[in-house]
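Undergrad: Encoded as structure tokens, here's the structure I'll be asking about.
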Amino acid sequence: MKKKILTIAAVGILGLAAVMLPITALAQTVPEPGEFIARLAAKLGIEQTKVETAFSEVKNEFHAERMSELKSQLQKYVDEDKLTQREADLLYAAADLRFEIKAEFQPFDKEALQNLTIEEHRAKMEEMHNNMVQQMIASLNENGLNTNTEELQAAQQKAHELGIMGVAGFGKKVLGFGMSHQVW
């Protein structure tokens, strides 16, 4: 019986390694956005600033479309009394700010993170996460919404339960900030 369990465990570990190694290699080959745009401009034979401008315009168009869809979805839940108008306003503003925060987010030194222990890496990611949350709350308050972490987290939890994508907070994979086990 022990031999069978050990065999199953070994096969599982090897299977996981077979999946993770190509993903890790791919992640290391993806260029930074600036490098990508520079190479794309060179391949197309056009000025890098033109590609940057076009990229920015398309990104903003996608954002505007997504925010319009979100506004309609939130209004639907308000009309159905599944969300309050206050919750919908907070969720909408937070989603819009998330776009700005992600645009301003400075990439971290990936090589420095690779040299950390698992505990140090988690602590660094938690620190970055907390900084983003504080930036979000401060921005919401500056925009007159006068909220706190608990109120926003409660609204985001409700949105998550309703299946509303894009407003679950910095902790949900739909937002791309990791910490997938937390709402915040």
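Undergrad: What number of residues within region 139-184 are among the small types (Gly, Ala, Ser) and at pLDDT below 75?
TA: The qualifying residues number 7.
Undergrad: I'd like the full set of residues that are assigned to a helix (DSSP H, G or I), surrounded by fewer than 10 Cβ atoms within 10 Å (Cβ to Cβ) and either modelled with pLDDT of 85 or more or on the phi > 0 side of the Ramachandran plot (or both), limited to region 17-49.
TA: LYS43
Undergrad: Still on this structure: Please find, among LYS102, LYS4, the residue that is at pLDDT below 90, closer than 30 Å to THR147 by Cβ, in a helix (DSSP H, G or I) and among the basic types (Lys, Arg).
TA: Within the list LYS102, LYS4, the selection yields LYS102.
The values are calculated or read from the model by the stated rules, or taken from the named source; none is laboratory data. Since the model is a prediction, treat every value here as computed from it, not as a measurement. Note: ideal-geometry Cβ built from the backbone for every residue, glycine included; neighbour counts use all protein chains shown.
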